[in-house]
1. Considering Cα pairs under 8 angstrom that are at least six residues apart, work out the relative contact order of chain A and quote it in whole percent.
2. Go ahead and collect, in residue order, the members of the range A:109-151 whose backbone nitrogen is under 18 Å from a label point 7 Å along the Cα-Cβ direction of residue B:376.
3. Looking at chain A, I'd like the Rg to Rh ratio, where Rg is from alpha-carbon atoms and Rh is Kirkwood's inverse mean 1/r.
4. Which order do B:45, B:67 fall in if you start with the one that has the fewest other Cβ atoms within 10 Å?
5. Peptide B:369-377: average number of partner chain Cβ atoms within 10 Å per residue?
6. Convex hull over the Cα atoms of the range A:92-208, averaged projected area in nm²?
7. Compute the projected area of the convex hull of the Cα atoms of the range A:73-143, averaged over all viewing directions, and report it in nm² to one decimal place.
8. Where the centroid of each part is defined by its Cα atoms, how far is the range B:436-490 from the range B:249-265 in Å?
């Protein structure tokens, strides 16, 4: 049995200790700790109040009143301290911050413009069910030319235009070259899968040229769709979709006759100039910019991979990643070689 | 190639109310691209890009015929006025004999005329000059004017300077020398088509350019007017290797219709008569060994509709073709089409005819449709590669790296690795492009040296490297490389970068060992599989290269759930004094194996010969007691003492 006196003393002791802690608390966290320490479930005051059962019943009422007073006092003290701390904290912080001081930045590098373009292009085509692939850069002549219906004496096969590898030619596939276009991927893809084919091939290509608008290494993205009853109408649909997705809703496209060995009919695809909006200016041709080539897959190409041109038709397009990148609003790079100069001042702009 | 012609010249051969802008627009969308229409005094010039398959359009006549066909289709009145040429009277005098080689030249038309050298009339000079052809005198100008009008190059010799009975066509031999009419000397590669006189002196570089020794001069009295239709790949080769890109060469290297040769001759004769007081003094020479038969092609209505995607009545197709000069008849549901000689090189199959129909029908009249999605399941074996590539690139970007794209080629100096394994380029553009690279690092270091002004650099590249294989295509392997230049950088920063990168790819078992290559750095493994290297080049320069194919093999999105611990861990630090030679990894492993209750050990600090390890003890089912911990601690202390001769602080 505890006596009334002991219990009273203890309660008063708790009150004094708690008040001194509260007084000393310099921030809200400490104050919260104090609250827990005294008023929490296993706080000192809480436990002491439980001990009330250990004193004689006739004295309990008196102790009860005292205990409530103590509790109320502590709660009030915490409340008023808390108010004053809140107020104080704000003023202290306001003094500390100069928002114009330089920030501490997390590290942030830059992805190359070509990577950014490739990501964007892939996203657009993948939404309409194209499968993105990548095929060899060092390739056999057969894949890059013969199977694509290039005659043996075609100028693209000259060593003025295409890089040749020092290597014995294959008896089956001819000389080894650096692929000058992603179209070689058409053949690889048709060998890999049966129709229906819906390919997006993005890869590095190489041609023997270097000037303000050409680099010896560049990137192309090639589409190929092969199925029964694929027509020019479908080709137009896909390129309209691409142009509007990539360049913007208000850009228009047109196709006009052109010539490629591996397509028949062949087209050149134009998109309206973003600078003059198709009115005609210094940068474009009567309001149009050339985006690249396209066409209906030549029956000889289908035959080369064992597909029946009477059953299947298809279309293909092959465009320069760098080219569509430059045609986008806001990026007017006067020398394409800058893309591969790896001047950090340039790379860090994007 | 581009040609420029005056609107008024075009209208010599087409009668139409269509305005130049309309003509340009129509041609661009249905035929060849008119890149610019510009006002030229009262006149207009068209700047037109002619595709290689349409040499017939490299002429005013060809363009006029095509324009008329197009305009008619769109309901604009237009009439093509062909050139009317008659074979002139010629004496039966054989002044010169041309000895052809049919392997080299398909057709030769020629004639000898008496002429007077003069200035050309104004209209002709203006037409040539707007076509970017310099006017010299009437004799030369007529050859160029014929070429532009008809589309077949022509040549004129001073007949007396030729001074020969025979003009023999042969292939040049390597090392023979010629001086072209622009006074430049060329040493021939062998295989160029040349004409020689009786003394075996070369007097012409056929199809490319005339020579100084036989060109007309101010004193020319008699000319040999000469039209040669050459085998195209000889021309291409000669023109490219000699670096002579004349209009004639560019036209001659295409499939040029030999039927045009006689038209060019007759038109030229007429012009010499009109503008140079020309008189024919020899018979007309026409050597034509390679005459071709007209092709006939059958096209079905069904195929037309299938390829174009719109129904076009056969009758309309027939009309379109007739307008373009293709005679044809309708046979039930098919068209039988005869290909005109000027299109013979370009039109071979049904699809070629369909192209003619489609382009004149108008591509803008064909609706746009997205092709229906496949009903079959599509699995993309490449998807994984692209996913991880993107993820790695983005991680590096957000850790402050900038991505570079360097050329896949390197110079011999920059080639690192065994030269025998490298793919060598036979015809590099410059010495900088001699080999395909075996590693990316040298290219990245080159970027550093080209950006000397930048103090702190963090760059990376994810690209292919190429390893030669006997009788096969090279092995193309993706590599991930990076270079860091910074005063404060050290090995552990890069080790941490790679470790964390691999962690993000779900690869938790990366291992770093002393570099096998000997230098300062580390070899990186995934488990036991070799992944690549970190190289410390100097105090402020570190590079790394990893085999990305190996990363792809191990990268994964596997997720594993471990129940959260309900009991608090006990944490303590132990400081050990131990020799520098002992590897931290070995100590960590030694500590870890002392008890299953040790859930994690890490190196917290290292100072001189003292290392502090941070140990976390955890029991999954209950609270640990101090007794238990102190027992484990004793075991650790003892084992470190015996294994590494370590003392505990």
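1. Dividing the mean separation by the residue count of chain A yields 14 percent.
2. Taking a point 7 Å out along Cα→Cβ of residue B:376, the residues of the range A:109-151 whose backbone N falls under 18 Å are A:129-133.
3. With Rh from the inverse mean 1/r over Cα pairs, Rg/Rh is 1.46.
4. By the 10 Å Cβ count, ascending: B:45, B:67.
5. What the average comes to for B:369-377 is 6.
6. About 13.4 nm², averaged over all directions.
7. 12.8
8. Cα centroid of the range B:436-490 versus Cα centroid of the range B:249-265: 51 Å apart.
Readers should treat all values here as calculations from the given coordinates under stated rules, not as data from a laboratory. The structure presented is a predicted model; accordingly, all values stated were derived computationally and were not measured. Methodologically, a virtual Cβ is constructed for each residue, glycine included, from the backbone with ideal geometry; neighbour enumeration extends over all protein chains shown.
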